[in-house]
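Working notes, structure below.
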């Protein structure tokens, strides 16, 4: 019974319900009786424990409710099947409306054409045939028009887009072509930031998930192309033990790192990449790997999670091959030209970096 | 920066368990985490678990007096989730050696240690409460968790008056305390 009275007193004391006199009396008691003091401390701690416990239950409740609400409104999706298919399902859900529109347009056109074909098939030499051709032109134009609208919508996304991921990239053509990793570009577009912190709009012109490389093109009026790129992109494989260094943006500022080439193949014998010994951090992805002459020998891409300093870089000859792919993809890219003069051989490292940092960019990918 | 004040407001909301703020943070970040987990051998359910765990860690962090978030909410959540997921993969033996994605992360190990310790304490409290038996458990839950007042509790449980209910509550509380501390001190 006494214990209960005491507990009641302690609880009222801790919650501040005591009158001033009672409080003074109790504090005096606390001062003179260590056992009671101990009980107060213990009980206070216990009450906090209960309060935290209760808060934990409440936040869990809130999170659960929010999750359900967002699911119902379709802001989240958990479309059924498990992992590897997840990506595909997500894509499907994202684009199902576009797909539906495209499919129905296709369906209408198919019906229209088969209708016309049936109508005209009896009189092949009829002068109306020409008309059919024209009609098809109109259909094609309509289609193109619709295509344009779809493109326009996606290109407007940046207005309230969110940043999704970041990494590094570097110039391969003074006109503003930048090579980076494909895995960085998660969203619908990207901006690039130079070493002085200036941002430029850019577009993704080529993405190759197998090689894990991508090419961005700066298209921003404010971009002033530099006179020349001081490095070449090596076509040959480099040798074991070669001294290398890298520049990248693991933080908002450009960071230099140094190491050596440790194996001629990448993770699990991947022949597209090298293993390099260098300390790389998230954000270094897509950054150039230079040899001691300041020539690009690779693109830093991944690291082995459980081992320290074991990093992988995509071999630079892959850059040559994706540039070829790019040229083939559109005549607009015919004039893309990889740099052919290396001016950094035998120059002191500080000077090399000074020249190189203008060519290394911070890549920020955004999406809806 | 404009974004900063916005994020501060959101964190304040989160600290007060404001569902509006929770919803905004949730909406802005969940998909990124889900994609990360799905791309790294996880399922939708696991993505939800990991994300909510990270939200709770952020919530707990926001409760401390000295709370400052030195990075964006997004970066913090991503870092926590990445850490939690790597750990879970390792525990399940599903770890394949490399994890996709090289986004910016911040160090969260210390926060996670606090978070885990907290979780352990909650488990002890949960166990203690559940081994109390009725009506002790409901009485204490009513008073300390649902914050009902003594008169309402007396009425609900059928005590003749609030004082009797209060007496009973203290008896239960003493038992709970004993149960809790016996476990808690072992845990230490």
**Message:** Given the criteria in contact with a strand residue (DSSP E or B) (Cβ under 7 Å, 6 or more places away or on another chain), surrounded by 12 or more Cβ atoms within 10 Å (Cβ to Cβ) and either under 30 Å from residue A:105 (Cα atoms) or modelled with pLDDT under 90 (or both), does residue A:187 qualify?
**Reply:** yes
**Message:** Take the conditions over 20 Å from residue A:11 (Cβ atoms) and within 11 Å of another protein chain (Cβ to nearest Cβ) and apply them to residue B:126. Does it pass?
**Reply:** yes
**Message:** Of the conditions (1) without any contact (Cβ under 8 Å) to a residue 24 or more places away in the chain; (2) more than 9 Å from chain A (Cβ to nearest Cβ); (3) under 20 Å from residue B:11 (Cα atoms), residue B:49 satisfies every one except a single condition; which number is it?
**Reply:** (3)
**Message:** Give all pairs with beta carbons closer than 6 Å in which a residue from segment A:1-24 that is free of Cβ contacts under 8 Å to residues at least 40 places away in the same chain meets a residue that is outside any helix (DSSP H, G or I); count only pairs at least 6 apart in sequence or on separate chains.
**Reply:** A:12/A:18
**Item:** Scan of segment A:209-220 for residues that are in contact with a helix residue (DSSP H, G or I) (Cβ under 8 Å, 6 or more places away or on another chain) and either more than 18 Å from residue A:168 (Cβ to Cβ) or surrounded by fewer than 16 Cβ atoms within 10 Å (Cβ to Cβ) (or both), ordered by number
**Value:** A:209
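Only residues that are in a helix (DSSP H, G or I) and more than 8 Å from every other protein chain (Cβ to nearest Cβ): list them for segment B:22-44, please.
Applying the first criterion (in a helix (DSSP H, G or I)) to segment B:22-44 yields B:22-39, B:44.
Listed by number, the residues that qualify are B:24, B:25, B:29, B:33, B:36, B:37.
To keep it simple, each residue is scored yes or no on (1) touching a helix residue (DSSP H, G or I) at 6+ places or on another chain (Cβ under 8 Å); (2) under 24 Å from residue A:54 (Cβ atoms); (3) without any contact (Cβ under 8 Å) to a residue 60 or more places away in the chain; (4) buried (at least 16 other Cβ atoms within 10 Å of the Cβ).
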residue	(1), (2), (3), (4)
B:5	no, no, yes, no
B:13	yes, yes, yes, yes
B:29	yes, no, yes, yes
B:38	yes, no, yes, yes
B:58	yes, yes, yes, yes
B:68	no, no, yes, no
B:76	yes, no, yes, yes
B:81	yes, no, yes, yes
B:85	yes, no, yes, yes
**Item:** Subset tally (residues that are surrounded by 11 or more Cβ atoms within 10 Å (Cβ to Cβ), more than 54 Å from the chain's Cα centre (by Cα) and within 30 Å of residue B:127 (Cβ to Cβ)) for segment A:14-37
**Value:** 2
**Prompt:** Among the residues of segment A:331-351, how many are in contact with a strand residue (DSSP E or B) (Cβ under 8 Å, 6 or more places away or on another chain) and either more than 19 Å from residue A:192 (Cβ to Cβ) or surrounded by fewer than 16 Cβ atoms within 10 Å (Cβ to Cβ) (or both)?
**Reply:** 2
**Item:** Meets criteria (assigned to a helix (DSSP H, G or I), surrounded by 15 or more Cβ atoms within 10 Å (Cβ to Cβ) and either modelled with pLDDT under 80 or within 14 Å of chain B (Cβ to nearest Cβ) (or both)) for residue A:67
**Value:** yes
**Complete:** Wholly inside segment A:221-304, strands (runs of 3 or more DSSP E) that include 2 or more residues that are within 14 Å of chain B (Cβ to nearest Cβ) and surrounded by 23 or more Cβ atoms within 10 Å (Cβ to Cβ) are A:243-248, A:296-303
**Message:** Looking for something more than 14 Å from residue A:360 (Cβ to Cβ) and touching a residue at least 12 places away in the same chain (Cβ under 8 Å) - is there at least one such residue anywhere in segment A:250-257?
**Reply:** no
**Prompt:** Which members of segment A:254-287 meet the condition of being under 20 Å from the mean Cα position of the chain (by Cα) and at pLDDT 85 or above?
**Reply:** A:254, A:255, A:284, A:285, A:286, A:287
**segment B:141-171: number of residues that are within 11 Å of another protein chain (Cβ to nearest Cβ), within 17 Å of residue A:50 (Cα to Cα) and part of a helix (DSSP H, G or I)** = 7
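The values are calculated or read from the model by the stated rules, or taken from the named source; none is laboratory data. Quick caveat: nothing in here was measured; it's all calculated off a predicted structure. Cβ atoms come from the backbone with ideal geometry, glycine included; neighbour counts cover every protein chain shown.
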